[in-house]
Amino acid sequence: MTNAIVAEGLVKRFGDTTALAGVDLPVRSGTVLGLLGPNGAGKTTAVRVLATLIRPDAGHATVGGYDVVRQAHQVRELIGLTGQYASVDETLTGTENLIMIGRLLGLSRRDSRARAADLLENFGLSDAASRAAGKYSGGMRRRLDLAASLVGRPAMLYLDEPTTGLDPRARNEVWEIIRGLVTDGVTVLLTTQYLDEADQLADEIVVIDHGKVIATGTADQLKAQTGAQTVTVRPADTADLEKVTAAVRHVAAGAVDLRGDVIAAPVTDPGALAQLVRRLDDAGLAVAELSLRSPSLDEVFLTLTGHPAEEGADA
């Protein structure tokens, strides 16, 4: 399978701040590459370079075989871009928004209207087509924004944190749309700080932090890199929380994480769960929940970077 997007050694500085410090990004055709990192990691800067909105200070990148600096016009003909916040005109109706985009792209009024009708139907917005976008829900505006990025039938779609601020139902709707686009052959570069989003959608993941790539691979490969599983315990009596936490520390291979009344910790010893059960039993501590599972991407990210994904200010 060929790479639709190739970036090698991208460097971008803003004054004394280095937003990209030699980033490599290969995106295979017809797949989703998840660019994963906290706010401030350089994700949006990478997208802006690949969208020809800014020039890199070093390195080079091609999209569909075209250089993003020397052949920017050809690159723009291939891509669609949806930013972190819906960019539709809230005073226009859904139909009018899409017709406007079509006309800006050089489509005739008739073709623009036909394309708008098709997209509104495909995105479940036909019933709201004549309603002002300002009266749409957040999820509906996001779907309209995605539809707008597809008016020109792009071969590559850049989604820069497309579900920011959406409720769980709206997020799932956007996820289904993205899956459908990939099924139709669209190549997607998805930036996100939501670990579950990358787990759900990305064929491959690049983890970026402070402008540098720190890990690459599939979700399963990244999880395997930690070399640990996670033991999770919830005491039957919250009064025993401190004692149960102490028991978990004896078998933990890393930091113990306490979220509410649930204790979680990485373990590498195959006998760790049995040891913990014996220790809890000897101490007369009852538990309501006890499990051993593979690490989540959230835990992988914490292991790789030393801090959670939702942190910082974006760059």
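The values are calculated or read from the model by the stated rules, or taken from the named source; none is laboratory data. Owing to the predicted nature of the structure, the values given are computational and were not obtained by experimental measurement. Don't worry about glycine lacking a Cβ; one is built from the backbone with ideal geometry, like all the others, and counts go over all protein chains shown. The area values use the complete protein model at the heavy-atom level, side chains included, leaving out ligands, DNA and RNA. Shrake-Rupley method; radii C 1.70, N 1.55, O 1.52, S 1.80 Å.
Only helices (runs of 4 or more DSSP H) whose full extent lies in region 114-226 are considered here, and the ones with at least 1 residues that are open to solvent by 10 Å² or more (accessible area, probe 1.4 Å) and over 23 Å from residue 89 (Cα atoms) are 168-183, 195-201, 219-225.
For region 1-42, a residue qualifies if it is among the β-branched types (Val, Ile, Thr), farther than 24 Å from residue 298 by Cβ and part of a loop (DSSP other than H, G, I, E, B), and exactly one does: 2.
Only one entry of 187, 245 meets the criterion of being over 24 Å from residue 291 (Cβ atoms), in contact with a strand residue (DSSP E or B) (Cβ under 6 Å, 6 or more places away or on another chain) and of a type in the set (Val, Ile, Thr), and that entry is 187. Filtering region 45-93 to residues that are of a type in the set (Gly, Ala, Ser) and modelled with pLDDT under 90 leaves 83, 86, 87. Could you tell me how many of the residues in region 98-113 are among the hydroxyl-bearing types (Ser, Thr, Tyr) and surrounded by 15 or more Cβ atoms within 10 Å (Cβ to Cβ)? Total meeting the criteria: 1. Would a scan of region 164-184 turn up a residue that is of a type in the set (Val, Ile, Thr), at pLDDT 90 or above and touching an Asp or Glu at 6+ places or on another chain (Cβ under 9 Å)? Yes: region 164-184 contains one or more residues that are of a type in the set (Val, Ile, Thr), at pLDDT 90 or above and touching an Asp or Glu at 6+ places or on another chain (Cβ under 9 Å).
Scanning region 45-62 for residues that are surrounded by fewer than 17 Cβ atoms within 10 Å (Cβ to Cβ) and either within 16 Å of residue 159 (Cβ to Cβ) or of a type in the set (A, V, I, L, M, F, W, C) (or both) yields 53, 54, 58.
Taking every residue in region 105-132 that is of a type in the set (D, E, K, R) and pairing it with any residue that is outside any helix (DSSP H, G or I), at least 6 positions away or on another chain, the pairs with Cβ-Cβ distances below 7 Å are 115/107; 115/151; 131/93.
None of 91, 95 is in a loop (DSSP other than H, G, I, E, B) and farther than 22 Å from residue 190 by Cα except 91.
Return yes when residue 138 is over 16 Å from the mean Cα position of the chain (by Cα) and more than 13 Å from residue 85 (Cβ to Cβ) and no when it is not.
Values: over 16 Å from the mean Cα position of the chain (by Cα): yes; more than 13 Å from residue 85 (Cβ to Cβ): no.
No; evaluated as a whole, the condition is false for this residue.
If only residues of region 20-44 that are modelled with pLDDT of 95 or more and more than 22 Å from residue 218 (Cα to Cα) are counted, the one that is most open to solvent (accessible area, probe 1.4 Å) is 21. Does region 269-285 hold any residues that are within 39 Å of the chain's Cα centre (by Cα) and assigned to a loop (DSSP other than H, G, I, E, B), and which are they? Answer for region 269-285, where residues must be within 39 Å of the chain's Cα centre (by Cα) and assigned to a loop (DSSP other than H, G, I, E, B): 269, 270, 271. Residue 45 satisfies every condition listed in (1) at negative phi; (2) part of a strand (DSSP E or B); (3) in contact with a Leu (Cβ under 6 Å, 6 or more places away or on another chain) except (2). The residues of region 236-254 that are surrounded by 13 or more Cβ atoms within 10 Å (Cβ to Cβ), free of Cβ contacts under 8 Å to residues at least 24 places away in the same chain and under 33 Å from the mean Cα position of the chain (by Cα), listed by number, are 245, 252. Taking the criterion of being open to solvent by less than 50 Å² (accessible area, probe 1.4 Å), in a loop (DSSP other than H, G, I, E, B) and under 17 Å from residue 152 (Cβ atoms), the residues of region 72-88 that qualify are 83, 88.
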